[in-house]
Amino acid sequence: MRRKDREMPKDFALAVADKCEWATLGMVTPQGAPYCVPITIARDGEVIYFHSAHEGLKIDCLRGQSQVCLACVGDTKRATNRFTTEFESALIQGVAEEVTEDQEKIHALRLICQRHTPANMAEFDEAIRRSLPRTAIWRIEIRQITGKRKKFDAQGQEMKFGRME
């Protein structure tokens with residue numbers, strides 16, 4: 001990381017991943033070109049889960065090259081009195097693998113749904129019954145995670161490395 005003064009600890013980076021609305025999954029196409037796509041995620045320990053269709057360019061990429069990068073953005077705030085933005089982010093590097101066992105797929109989907117649509121959980125079992133066979137689940141084993149933040153305190157001073165309010 002170039003800006004070490006903005007680096008944050010692992011727990012901070014995991015918290016950003018846990019609260020981001022969506023993340024961007026970076027991959028390489030079978031032709032060697034970069035490709036990225038937004039996904040919704042849920043974390044369980046050192047594993048990130050996401051859902052997908054069973055086919056498409058994303059799946060072709062993942063089957064051809066399992067090493068991926070996931071970019072997560074947490075809270076942001078545009079400054080009103082200077083040309084900058086407060087932000088927090090996490091970058092995750094890992095290896096993606098398709099989940100094929102139904103129990104793990106259901107576990108992953110439950111985590112994703114509880115995180116992103118908790119008010120609909122009464123319908124979860126019926127949705128699983130209808131859609132499990134046509135839903136692919138992938139897991140990313142976290143190999144490296146870094147967190148970064150730019151934030152100002154109440155006096156307008158940037159809070160450097162690891163400083164919390």
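The values are calculated or read from the model by the stated rules, or taken from the named source; none is laboratory data. Keep in mind the model is a prediction, meaning the values are calculated, not measured. With ideal geometry, Cβ positions are generated from the backbone for all residues, glycine too; neighbour counts draw on all protein chains shown. Quick note on the areas: whole protein, heavy atoms, side chains included, nothing else; ligands and nucleic acids left out. Shrake-Rupley method; radii C 1.70, N 1.55, O 1.52, S 1.80 Å.
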**OP:** Sort by residue number and name the cysteines in the chain that have no neighbouring cysteine Cβ under 4.7 Å.
**Re:** CYS36, CYS61, CYS69, CYS113
Original post:
Tally Lys/Arg at +1 and Asp/Glu at -1 over every other residue whose Cβ is under 10 Å from the Cβ of GLU86; what's the total?
Top reply: +2
**OP:** Using amide H atoms built 1.01 Å from N in the peptide plane, name the residues 5+ places from ILE41, or on other chains, whose amide H lies under 5 Å from its own.
**Re:** ALA23
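Per residue, how much accessible area does the range 26-158 have with a 1.4 Å probe, in Å²? Mind dumping the intermediate values first?
Numbers: 7720 Å² over 133 residues.
That works out to 58 Å² per residue.
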**OP:** Using a 1.4 Å probe over the heavy atoms of the protein chains, calculate the carbon and sulfur portion of the accessible area of the chain as a whole percent.
**Re:** 50 percent
Original post:
Among LYS10/LYS151; LYS77/LYS105; LYS10/LYS58, which pairs are too far apart, with a Cα-Cα distance over 24 Å?
Top reply: LYS77/LYS105; LYS10/LYS58
Subject >> 0 to 90° range, to nearest 10: angle between helix 102-116 axis and the chain longest Cα axis >> reply: 40 degrees
Subject >> Estimated vicinal HN-Hα couplings, Hz - the range 46-62 in sequence order (Karplus 6.51, -1.76, 1.60; Gly, Pro = x) >> reply: 9, 10, 10, 10, 8, 10, 6, 6, 7, 9, x, 4, 4, 5, 4, 4, 5
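Going from the alpha-carbon gyration tensor of the range 82-165, what semi-axes, largest first and in whole Å, does one get by taking the root of 5 times each eigenvalue? Provide the component values of the computation, followed by the final result.
Values: eigenvalues 289, 64, 18 Å².
Three semi-axes, in Å: 38, 18, 9.
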**OP:** Using a Gaussian network model of the chain whose springs link C-alpha atoms within less than 10 Å, name the residue from ARG129, ARG82, ARG43 with the highest mean-square fluctuation.
**Re:** ARG82
Original post:
Can you work out the FRET efficiency for the pair ASN81 and THR24, with r the C-beta to C-beta distance and R0 = 30 Å, to the nearest 0.05?
Top reply: 0.50
Original post:
Separation between the ASN120 and ALA33 pseudo-spin-labels, each 7 Å from Cα along Cα→Cβ, expressed in nm?
Top reply: 3.2 nm
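For the chain, what relative contact order do you get, as a whole percent, if you take Cα pairs closer than 8 Å and at least 6 residues apart? Please list the in-between numbers first.
On the way: 303 pairs, mean separation 51.9, N = 165.
31 percent.
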**OP:** Amide H neighbours of GLY74 under 5 Å, at least 5 residues apart or on other chains, H built in the peptide plane: list them.
**Re:** GLU88, SER89, ALA90
Original post:
What ³J(HN,Hα) values, in whole Hz, does the Karplus curve 6.51 cos²θ - 1.76 cosθ + 1.60 give for the range 26-43 when θ = phi - 60°, with x put for Gly and Pro?
Top reply: x, 9, 10, 6, x, 8, x, 8, x, 8, 9, 8, x, 9, 9, 10, 8, 10
**OP:** Return the sequence-ordered ³J(HN,Hα) values of the range 11-16 in whole Hz as given by the Karplus equation 6.51 cos²θ - 1.76 cosθ + 1.60 applied to θ = phi - 60°, using x for Gly and Pro.
**Re:** 4, 5, 4, 5, 5, 5
**OP:** Go through (i) 32, 19, 13; (ii) 40, 18, 12; (iii) 29, 17, 14 and flag the label whose value is the computed semi-axes √(5λ) of the Cα gyration tensor in Å for this structure.
**Re:** (i)
